[in-house]
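The values are calculated or read from the model by the stated rules, or taken from the named source; none is laboratory data. For clarity, every value in this text was computed on a predicted model and none was experimentally measured. Don't worry about glycine lacking a Cβ; one is built from the backbone with ideal geometry, like all the others, and counts go over all protein chains shown. The protein model used for the area step is the full one, side chains on, heavy atoms only, and it has no ligands, DNA or RNA in it. Shrake-Rupley method; radii C 1.70, N 1.55, O 1.52, S 1.80 Å.
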Amino acid sequence: MRALDTIAESIRVGYAHPTTLLNTLIEVENEGGLGAVRRVERQLNLSVQALRDRQHPHSDLAQTWLNSARAYLVTNAQRRQAV
């Protein structure tokens with residue numbers, strides 16, 4: 001999945017523009033639906049903990065990716081209820 005490469009690269013360099021976060025999550029949904037976004041969220045959840053355990057300098061950015069994925073899922077759930 002190309003999105004995971006994007007996420008990993010941004011964590012490696014320590015930067016991700018907010019538009020990149022949103023566009024990557026939209027790309028994941030377009031390729032595999034909300035189930036794919038949930039899988040990315042689960043992977044990020046595991047990764048954040050591993051990065052924190054290793055005291056990785058960009059673990060906060062990984063947390064930002066995780067929070068973004070969760071917000072994306074919540075927003076989609078709210079949008080479906082509103083319709």
Q) Under a plain spin-label model, where a point goes 7 Å from the Cα along Cα-to-Cβ, how far apart in nm are Gln49 and Glu9? A) 2.9
Q.
Taking the Cα of Asn76, stepping 7 Å toward and past its beta carbon, and measuring to each backbone N in region 10-39: which are under 16 Å?
A. 21-39
**Q.** trypsin sites (Lys or Arg not before Pro) within the chain: DSSP coil, no more than 13 neighbouring Cβ in 10 Å
**A.** Arg54
Q) For the chain, what relative contact order do you get, as a whole percent, if you take Cα pairs closer than 8 Å and at least 6 residues apart? A) 34
Q. What are the ³J(HN,Hα) values, in whole Hz, obtained from phi via the Karplus relation 6.51 cos²θ - 1.76 cosθ + 1.60 with θ = phi - 60°, for each residue of region 12-24 in sequence order, with x given for Gly and Pro?
A. 4, 7, x, 8, 8, 5, x, 5, 5, 4, 5, 4, 5
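Looking at the P(r) of the chain, how many percent of alpha-carbon pairs lie beyond 18 Å? Walk me through the intermediate numbers first.
On the way: 1308 of 3403 pairs.
Taking all Cα-Cα pairs of the chain, the fraction more than 18 Å apart is 38 percent.
Averaged per residue, what accessible area in Å² does the chain show with a 1.4 Å probe, protein chains only?
Accessible surface, normalised per residue, equals 64 Å².
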Q | For peptides 45-51, 60-66, sequence by mean Cβ density within 10 Å, most packed first | A | 60-66, 45-51
Q) Using the Karplus equation 6.51 cos²θ - 1.76 cosθ + 1.60 (θ = phi - 60°), what ³J(HN,Hα) coupling, rounded to whole Hz, does each residue of region 55-61 give in order, writing x for Gly and Pro? A) 6, 5, x, 10, 5, 5, 5
